[in-house]
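Below is one structure, written out as structure tokens, with a few remarks after it.
The values are calculated or read from the model by the stated rules, or taken from the named source; none is laboratory data. Nothing here was measured: the structure is a model prediction, and the numbers come from that model. Every residue, glycine among them, receives a Cβ derived from its backbone with ideal geometry; neighbour counts consider all protein chains shown.
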């Protein structure tokens, strides 16, 4: 029987495999909760010098009904001390090592979070601690609640988190935002010395995670805003009421407890009590005195959402277009995580998934354009791509590519050229024939990271200059990020 | 404590929107995991901003727009110079023509769809998965109606051509 192409299309497009809808929905709700909490927390924290302004805001809102009127305006703070200060035995910073993405996809985290969250029976309001909700998986740690939902967020990013959820004893369901009573306790780890900066940014509501609903800041009695804070957030459309949060900083760890529902003063007092107890237990555990790094593995059926994985493994190293010094030469941002895992020399290779080869665990890409006066077939633009890829075995990948084997093959006849001042074992310079424009390939292997540049130019000399300059500059940028404990470039900070 | 009156019910909307948005993401990506990532991110964005979104516009349309924009931004530029080699295409030609013809048809078409440029695939998906009008597709993709028609025309031509060259039985124009 002959079917129309359109019928086949409809059939194919509408035949998605059925996911586990329960897990799917749980993932949506968890992701939404992280986004909401990120926005809330970013808006809530204050600097030491902002205390007076915060008090003024609090006094102002105290005389008006909660959430009435326009969205609250974050306090305008003066930059606080960069290092914070010890307060009542609480450390100012924590000697965390950097988080490292390992070649097998796991993470080495600065430490494992101890379980300092209340057990059932210890939680106010008779809330029941949910079994198995301790978020110690890499997914939860990487997709922490603060500042990580938008890749363009400015400032320090938490390296991980752990949280414990609670629900009302009379509920048979998993805790969800719309339930009458629910709570969670969350620990968030920040890179060494950055928690104070993160708190300042949150207070200023800056960066990509913004607070999009009305809220009140409520100073924590007896504590500066850089050390502790509280806030109430209007979530009537989500929860039927408010969410109340209390948060404290211990070195470069923040601990917060949030509750849905209940009387404001009562619930905030309960939240403070929970946080105080967790802080005391964390300090008593002495895990922050000399944090021990721990490898976090992915649980079965869990994997990391892209493109964050690539962006974490590989920093943004694409050179500025200015290094080329050509009028009109420009870079098209952002520097994307690339899906071209099988084509590491983009623009000079054909993907060949039929052949095995070393596959990158992460890849990022930046594109450049140069207007051409001859208005060629590509619309008058010469294109240049810079890809940088992290391989399990960079040496093997480099050898495969230069020998024209592996997961991709050269587009056309490729001729290697001398690259003065560069080691042939780790660099590769070549031209490629049968192309509409002069084209130059420049590769640099830096550890297990391969930098590939494929540049078009009006002349071969121009293409060569673009390719070699960008490759060398990208390598310098990569080196500036240092090497992580596993020796991989770019993971040092 | 009661929910805010007048606000659409989030639970009901989510139950209804999940299959639709996931299906759209799958139709665009052709990959289950990528579709789950894409659709969950879009749905979570709507859920986290439910109060604003539900009162301002059609929530499902908003989620659909997030999916389309995210898909196109992820695919932008990098697709343009990716070419699958002849070796792979050859593997799709059935070694015999007298069995499993339905499977071969489907695989060949799926493969041909995968080779479409992202904007062509998006236009085709919005027409044949969502059954949207050209004007609605144009509004969603941020282009003119004529561009939509051109994209779909070229996409169908490419799919038709691929089907013939791959000896896909049962597909005709």
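Would the stretch B:49-62 turn up any residue that is in a helix (DSSP H, G or I), surrounded by 22 or more Cβ atoms within 10 Å (Cβ to Cβ) and at pLDDT 80 or above? Looking for residues that are in a helix (DSSP H, G or I), surrounded by 22 or more Cβ atoms within 10 Å (Cβ to Cβ) and at pLDDT 80 or above, one finds none in the stretch B:49-62, hence no.
Identify the single condition in (1) modelled with pLDDT of 80 or more; (2) within 17 Å of residue B:29 (Cα to Cα) that residue B:154 does not satisfy, given that it satisfies every other one. Status for residue B:154: all satisfied but (2).
Evaluation of residue B:96 against the conditions (1) in a helix (DSSP H, G or I); (2) at pLDDT below 80 shows that the sole unmet condition is (1).
Report yes if some residue within the stretch A:321-336 is on the phi > 0 side of the Ramachandran plot, touching a helix residue (DSSP H, G or I) at 6+ places or on another chain (Cβ under 8 Å) and at pLDDT below 80; otherwise report no. No, because not a single residue in the stretch A:321-336 is on the phi > 0 side of the Ramachandran plot, touching a helix residue (DSSP H, G or I) at 6+ places or on another chain (Cβ under 8 Å) and at pLDDT below 80. Being modelled with pLDDT of 80 or more, touching a helix residue (DSSP H, G or I) at 6+ places or on another chain (Cβ under 9 Å), away from chain A (no Cβ under 12 Å) and crowded, with 18+ Cβ neighbours inside 10 Å is a property that residue B:148 has.
Kindly check whether there is at least one residue in the stretch A:430-437 that is under 19 Å from residue A:316 (Cα atoms), assigned to a strand (DSSP E or B) and modelled with pLDDT of 95 or more. No, because not a single residue in the stretch A:430-437 is under 19 Å from residue A:316 (Cα atoms), assigned to a strand (DSSP E or B) and modelled with pLDDT of 95 or more.
Each row is one residue, and each column tells you yes or no for (1) more than 9 Å from every other protein chain (Cβ to nearest Cβ); (2) modelled with pLDDT of 75 or more; (3) not in a helix (DSSP H, G or I).
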{"residue": "B:16", "(1), (2), (3)": "yes, yes, no"}
{"residue": "B:20", "(1), (2), (3)": "yes, yes, no"}
{"residue": "B:27", "(1), (2), (3)": "no, yes, no"}
{"residue": "B:35", "(1), (2), (3)": "no, yes, no"}
{"residue": "B:40", "(1), (2), (3)": "no, yes, no"}
{"residue": "B:78", "(1), (2), (3)": "no, no, yes"}
{"residue": "B:91", "(1), (2), (3)": "no, no, no"}
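The residues in the stretch A:1-56 that are facing chain B (nearest Cβ under 9 Å), assigned to a loop (DSSP other than H, G, I, E, B) and at pLDDT below 75 can be counted, and the count is 2.
When the stretch A:470-485 is filtered for residues that are in contact with a strand residue (DSSP E or B) (Cβ under 9 Å, 6 or more places away or on another chain) and in a helix (DSSP H, G or I), the ones remaining, listed by number, are A:470, A:471, A:472, A:474, A:475, A:478, A:479.
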